[in-house]
Number of protein chains: 4
Amino acid sequence: MVIVLKNNCDKNQLDRLTAWMREMNIEPHFTHGQNQTIMGLVGDTSKIDVDMLGALDIVESIKRVSEPYKQANRKFHPEDTVIELENGTKIGGGNLMVMAGPCSIESEEQLTEIAKSVKASGANVLRGGAFKPRTSPYAFQGMREDGLQLLVKVKEKIGIPVVTEIMDYEHLPLFENVDIIQVGARNMQNFELLKHLGRCDKPILLKRGLSNTLEELLMSAEYIMSEGNEKVILCERGIRTFETATRNTLDISAVPLLHQMTHLPVVIDPSHATGKASLVPSMALAAVVAGADGLIIEVHNNPQKALCDGAQSLTPEQFDDLAGRIEGAKQVAYR
Amino acid sequence: MVIVLKNNCDKNQLDRLTAWMREMNIEPHFTHGQNQTIMGLVGDTSKIDVDMLGALDIVESIKRVSEPYKQANRKFHPEDTVIELENGTKIGGGNLMVMAGPCSIESEEQLTEIAKSVKASGANVLRGGAFKPRTSPYAFQGMREDGLQLLVKVKEKIGIPVVTEIMDYEHLPLFENVDIIQVGARNMQNFELLKHLGRCDKPILLKRGLSNTLEELLMSAEYIMSEGNEKVILCERGIRTFETATRNTLDISAVPLLHQMTHLPVVIDPSHATGKASLVPSMALAAVVAGADGLIIEVHNNPQKALCDGAQSLTPEQFDDLAGRIEGAKQVAYR
Amino acid sequence: MVIVLKNNCDKNQLDRLTAWMREMNIEPHFTHGQNQTIMGLVGDTSKIDVDMLGALDIVESIKRVSEPYKQANRKFHPEDTVIELENGTKIGGGNLMVMAGPCSIESEEQLTEIAKSVKASGANVLRGGAFKPRTSPYAFQGMREDGLQLLVKVKEKIGIPVVTEIMDYEHLPLFENVDIIQVGARNMQNFELLKHLGRCDKPILLKRGLSNTLEELLMSAEYIMSEGNEKVILCERGIRTFETATRNTLDISAVPLLHQMTHLPVVIDPSHATGKASLVPSMALAAVVAGADGLIIEVHNNPQKALCDGAQSLTPEQFDDLAGRIEGAKQVAYR
Amino acid sequence: MVIVLKNNCDKNQLDRLTAWMREMNIEPHFTHGQNQTIMGLVGDTSKIDVDMLGALDIVESIKRVSEPYKQANRKFHPEDTVIELENGTKIGGGNLMVMAGPCSIESEEQLTEIAKSVKASGANVLRGGAFKPRTSPYAFQGMREDGLQLLVKVKEKIGIPVVTEIMDYEHLPLFENVDIIQVGARNMQNFELLKHLGRCDKPILLKRGLSNTLEELLMSAEYIMSEGNEKVILCERGIRTFETATRNTLDISAVPLLHQMTHLPVVIDPSHATGKASLVPSMALAAVVAGADGLIIEVHNNPQKALCDGAQSLTPEQFDDLAGRIEGAKQVAYR
């Protein structure tokens, strides 16, 4: 940690600061210049409260030199984490997981049909929303408990692991037969939820918030891991920018960067990121080539109303075409 | 609502869409051009699921013409909402509320001293954090239940209403003697929390998320109001931009704009927005002149460690100087 | 074009507006609702000054239904534009162009060595900066005229077309032997420069500004094209967001989206976008798979100072490895 | 300057780096820790090319400790710069300048009428656009030379200094009778233009780019100042964010922050920032209270077409009301 001190800082305050550091067994080293003094701290600086330090009269700025995330940090865990689902499906360490399914669970028929179809195309996890976070309280909030029951029923009928979103830790008992629990972007910093998920032993798919940095994403993973659950899968799903032609801006560079920062698997959600079905296949393949460990893709089928081709959902046929291209992309993936 | 249809859209699909609208008692009006067809919908379009509509093959884009927020909408409630606390303190409709106090509650002595001081300077609500949302699980998480008890004790001792943050609706019983319950920026779209707060009868101070639009803020207010609690106070606390010289960018234009959109009171938090004590007084006064109904300001005092002058906290002396200027600013406020 | 009128708009003003539209041979169609009136305009609305229209008392908002870009619009030019350089090298329509070279031209030896090396690896255009836009007036501004002369000399010696940046149209005569003229991100809306480039007949590599939308990028292309030069190559080079781990955020979704919007070739600059050499290969390959028509990559070699491995530059060896992978990525590209 | 070195950095490379620093008369100080080494540099580090340094194999990151702007820096010039126009009007150092007028010059009658009106209301500078930067090449580009001549004619007729935008340094001779030359947001980093303006002796109103940091704004001021022209007025006119309810987000905190960083005057443009006339008065007054040295406000009058009340322009009556409130706001301004 590097502390830049203000010009002409008060000698007494500096002595108190030095003494405070020594109390924590940290020996400061000084670099005195004409216009400034730099204080270098080495040792275990994780105990230092940066906010309190930054609040000091004599401190101009502080620069952390080591990362604030520990358990998620690749430096202390160089090998890729590989997470294995109950049926043996793996993610991470070169194992690509393809999650596909409808945004919202609507009925048993709908879910069964899509599940069969995406499994046949090669998806190895079924996604389907039961609890839906919606900007408006007047919008459909999902089938909730009933939707979860349908999801588990279809899982057993078709034989495919399932992933679905949790919005409230009170609902955790309902997720007993769910294989992967998703935390949505809006809840990435719902710390009470994260702590409770850290005490269960299921894989957690943690989505990056719309305006959160990668370091903040890792700090949220750290909330889960520090409670004992190391099975965290990170998900980039688009960030909020000024561009209005896409719903969000997909940050594919997050894939190689997160792979440098952490050992956790990284998946990409091109459906929510772009909000446009026509952009999903190229973004999915680009993510695989950039080294993504998985994809989560919306697939929808609504023949009875002929209301197909969702704004961001692929049809089963479009997904089948995409799935057929994934292996080829994997062959040229860069890691 | 205006629907722009794709070029050469399928006649059968268009008939189905028209029929669907009529089922909802909405009569579409068409404007046919050489290259496009525009469909105007009037009537109660709040029932229409825009996502489902946007998912149709034949739809190019949709433009909402009326606002999606209802209970918060000034159109349907032209008078300012005035919220009154138990002791008679009012906010809204020309009543300025000044909330001040420490970021974190540290001890009874600390809190008592600051409470006395800010009350003497003219603050009419004491703020103090007991449950602290922290990016890092390793950082101080607040005194939690003990902090809440201290806050209530000091409230009674000094005679000043209090505001503090809730992070989990399970903690609601602990907030019985709190006057205003704060929802932090990170929980602005924690919809389960909002719904529970909508079922209590305390004023809710709802902070805008770091990358949320004003419309989204109002939709979150709507979550609370639609459950029955109309006492919502909106708070702008800085948005995330590319600028790094301040912690966030304070959007003061949110004050007059929200006053056009909604009847709810609007307060400004210049401390968290800027992250710099030296910017707090000018931003606080600018907010008052722009018509803000309140301010929430960090004030800290830590004489025993001489670690005063927090990065974003004013000293009691600085706050006293600012408080003395607020009345003058109010005299020239524009509304 | 759709105009949403304000509630209770003045009848006289509405009549004047209607008359104004008819003067331009545009017949308005009205949809009257309880709370609003929508005015649909079809016909040639390109003559309408949207700013003036939006300034009317009775207008609440306006929605363009057709795109403001004409010559760049794929709707009116469905075939991909293919640009051919003097030596026969093509870009667009399935032809991938790989531009590589140093950020700044430093000496004949440096440039010659890098040119040989990247050509041997498979690059078909040499890049090299002579005029350098620098944030600071005190930073190295490039070798300017001397650098341009070196670039042309090396072009002829090695036999490879060259691309370099222009900052001032007064310098145009110096670019006579340059094959592609680059407009940097900071000059994307330097309209006087664009107009002059529209009057020359060289291919223009137009970089997207750091906070410009894709529509704005196309409007800047339109400035060049409307003066007669249709040889515009669009370049995405990262946009400015809140993320600080990369220099900018590379928006790869711009590739398929621009391909829908326009017939012009689209290239990606992963070096400037990420600012980190370690991210360049994966982002370059991802861009190719997403359908990019070209890449522009920084390659640097500085053995005498052993100051290799530039922050965002690849070494010749790293570039050679990447170049060897590009063909494989092209095989699985999605378009 | 602080350099953080990579773990286990190569001893030979470190020696070469140390030697390179000493060649520049900079003595490095080392802080060695278990996991990292920090190198503190004091002395005149302005000669160091940070890009080249950051490109070194052994360097993990660099932190500048001193600001890169020199002539604009308040540290080296503690007194406010006061700029005086030919007629004695001053800006800076407590002198408030109010610039008002139409976005575009349309005719002598229009400009004369507005000039009279705003002067009577208290404006001390007339603004009016002759060269208009427009996103679209098909939009009205301003009256150009003819507009400039009208502006100067009205200046002389009414007796009020004038400010107008330059887009091309070739046009400089036309600006001989203009009092303040404006550089628009899109040209903030048009460095060739800035250098030419640095060689004239007129005050330059430099607008912040839509996604530029305050440090970058000061570096652009530095381009002008380093060529000899110290009369630079900085202008905040809104930055680009995700919010869509306003055209841009006005960053009023830029006023007190720039006053800390620099001695140059700071003005606010609430018209372009918000894009809504209804927000202009409150934002203008808030800016004055925050310490702004000036305002630039759009005022328009178009009675013959009854097309008044421009989206972002005040009517002369609205401006008169605002002008009457400015003095009151100035009385409670915070500096």
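The values are calculated or read from the model by the stated rules, or taken from the named source; none is laboratory data. Everything quoted here is computed from the prediction, not taken from an experiment. Neighbour counts run over all protein chains shown; Cβ positions are idealised from the backbone, glycine included.
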Which of the residues that make up the range A:46-104 are aromatic (Phe, Trp, Tyr) and touching a Leu at 6+ places or on another chain (Cβ under 6 Å)? A:Tyr69
Among the listed residues A:Ala290, A:Ala277, identify the single one that is modelled with pLDDT of 95 or more and at negative phi. A:Ala290
Just one of (1) modelled with pLDDT of 95 or more; (2) within 14 Å of chain C (Cβ to nearest Cβ) trips up D:Gln304, so point out which. (1)
Taking the range B:44-57 and keeping only residues that are surrounded by fewer than 16 Cβ atoms within 10 Å (Cβ to Cβ) and either of a type in the set (S, T, N, Q) or part of a loop (DSSP other than H, G, I, E, B) (or both), one is left with B:Asp44, B:Ser46, B:Asp49, B:Asp57
Could you tell me which numbered condition B:Asn124 fails, if it satisfies all but one of (1) crowded, with 16+ Cβ neighbours inside 10 Å; (2) more than 30 Å from B:Glu176 (Cβ to Cβ); (3) not small (Gly, Ala, Ser)? (2)
Scan the range C:315-323 and give yes if some residue there is aliphatic (A, V, I, L, M) and in a loop (DSSP other than H, G, I, E, B), otherwise no. no
Would you mind telling me which numbered condition in (1) in contact with a Leu (Cβ under 8 Å, 6 or more places away or on another chain); (2) assigned to a strand (DSSP E or B) A:Gly40 fails? (1)
Quick check on the range D:58-75: of everything there that is assigned to a strand (DSSP E or B) and not hydroxyl-bearing (Ser, Thr, Tyr), which residue is nearest to the other protein chains (Cβ to nearest Cβ)? D:Lys63
Of all residues in the range B:258-278 being under 28 Å from A:Val59 (Cα atoms) and surrounded by 24 or more Cβ atoms within 10 Å (Cβ to Cβ), which is nearest to the other protein chains (Cβ to nearest Cβ)? B:Thr274
For the subset of the range A:268-289 comprising residues that are assigned to a helix (DSSP H, G or I) and of a type in the set (Gly, Ala, Ser), which member is nearest to A:Arg237 (Cα to Cα)? A:Ala273
Scope the range B:104-131; condition under 27 Å from B:Asn229 (Cα atoms) and not small (Gly, Ala, Ser); matching residues: B:Asn124, B:Val125, B:Leu126, B:Arg127, B:Phe131
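State all residues of the range D:225-252 that are under 14 Å from the mean Cα position of the chain (by Cα), within 7 Å of another protein chain (Cβ to nearest Cβ) and part of a loop (DSSP other than H, G, I, E, B); if no residue qualifies, say none.
D:Leu250, D:Asp251, D:Ile252
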Looking at D:Glu192, D:Glu222, D:Glu215, which one is modelled with pLDDT of 95 or more, more than 30 Å from B:Arg240 (Cα to Cα) and outside any loop (DSSP other than H, G, I, E, B)? D:Glu192
Only one of (1) surrounded by fewer than 16 Cβ atoms within 10 Å (Cβ to Cβ); (2) of a type outside the set (Phe, Trp, Tyr); (3) not in a loop (DSSP other than H, G, I, E, B) is not met by D:Pro78, so which one is it? (3)
Of all the residues that make up the range C:218-246, how many are in contact (Cβ under 8 Å) with a residue 40 or more places away in the chain and either under 13 Å from C:Gln182 (Cα atoms) or not small (Gly, Ala, Ser) (or both)? 11
Within the range C:142-150, can one find any residue that is crowded, with 18+ Cβ neighbours inside 10 Å, in the same structural domain as C:Leu258 (by TED's automatic domain parsing), more than 23 Å from the chain's Cα centre (by Cα) and at pLDDT 95 or above? yes
Which of the residues belonging to the range D:151-175 are charged (D, E, K, R), within 14 Å of another protein chain (Cβ to nearest Cβ) and either surrounded by fewer than 19 Cβ atoms within 10 Å (Cβ to Cβ) or in contact with a Ser or Thr (Cβ under 7 Å, 6 or more places away or on another chain) (or both)? D:Glu170
Whether any residue in the range D:80-88 is among the polar types (S, T, N, Q) and under 30 Å from B:Thr244 (Cβ atoms) is what I want to check. yes
Report every pair of residues separated by at least 6 positions or lying on different chains whose Cβ atoms are under 6 Å apart, first residue within the range B:58-86 and under 17 Å from B:Leu214 (Cα atoms), second of a type in the set (Gly, Ala, Ser). B:Pro68/A:Ser136; B:Ala72/B:Ala221
Over the range B:317-329, the set of residues more than 12 Å from D:Gln331 (Cα to Cα) and not aromatic (Phe, Trp, Tyr) is B:Glu317, B:Gln318, B:Asp320, B:Asp321, B:Leu322, B:Ala323, B:Gly324, B:Ile326, B:Glu327
Which one of these is crowded, with 18+ Cβ neighbours inside 10 Å and assigned to a loop (DSSP other than H, G, I, E, B): C:Val118, C:Val178? C:Val178
Of all residues making up the range A:121-137, the number that are in contact with an Asp or Glu (Cβ under 8 Å, 6 or more places away or on another chain), farther than 14 Å from A:Ile296 by Cβ and without any contact (Cβ under 8 Å) to a residue 40 or more places away in the chain: 5
Quick one: in the range A:320-335, which of the residues that are of a type in the set (D, E, K, R) and within 23 Å of the chain's Cα centre (by Cα) is modelled with the highest pLDDT? A:Lys330
Index of the failed condition, A:Lys202 passing every other in (1) assigned to a helix (DSSP H, G or I); (2) more than 29 Å from C:Ala254 (Cβ to Cβ): (1)
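Working carefully through the options D:Val332, D:Val289, D:Val255, find the one that is surrounded by fewer than 24 Cβ atoms within 10 Å (Cβ to Cβ) and either touching a Ser or Thr at 6+ places or on another chain (Cβ under 9 Å) or touching a residue at least 12 places away in the same chain (Cβ under 8 Å) (or both).
Details: D:Val289 fails: surrounded by fewer than 24 Cβ atoms within 10 Å (Cβ to Cβ); D:Val255 fails: surrounded by fewer than 24 Cβ atoms within 10 Å (Cβ to Cβ).
Being surrounded by fewer than 24 Cβ atoms within 10 Å (Cβ to Cβ) and either touching a Ser or Thr at 6+ places or on another chain (Cβ under 9 Å) or touching a residue at least 12 places away in the same chain (Cβ under 8 Å) (or both) holds for just one of D:Val332, D:Val289, D:Val255, which is D:Val332.
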Using beta carbons and a limit of 6 Å, which pairs, at least six apart or on different chains, have the first residue in the range B:176-198 and among the acidic types (Asp, Glu) and the second one not in a strand (DSSP E or B)? B:Asp179/B:Leu85; B:Asp179/B:Pro161; B:Glu192/A:Met167; B:Glu192/A:Asp168
Checklist (1) in a loop (DSSP other than H, G, I, E, B); (2) more than 19 Å from the chain's Cα centre (by Cα) applied to A:Arg22, failing item: (1)
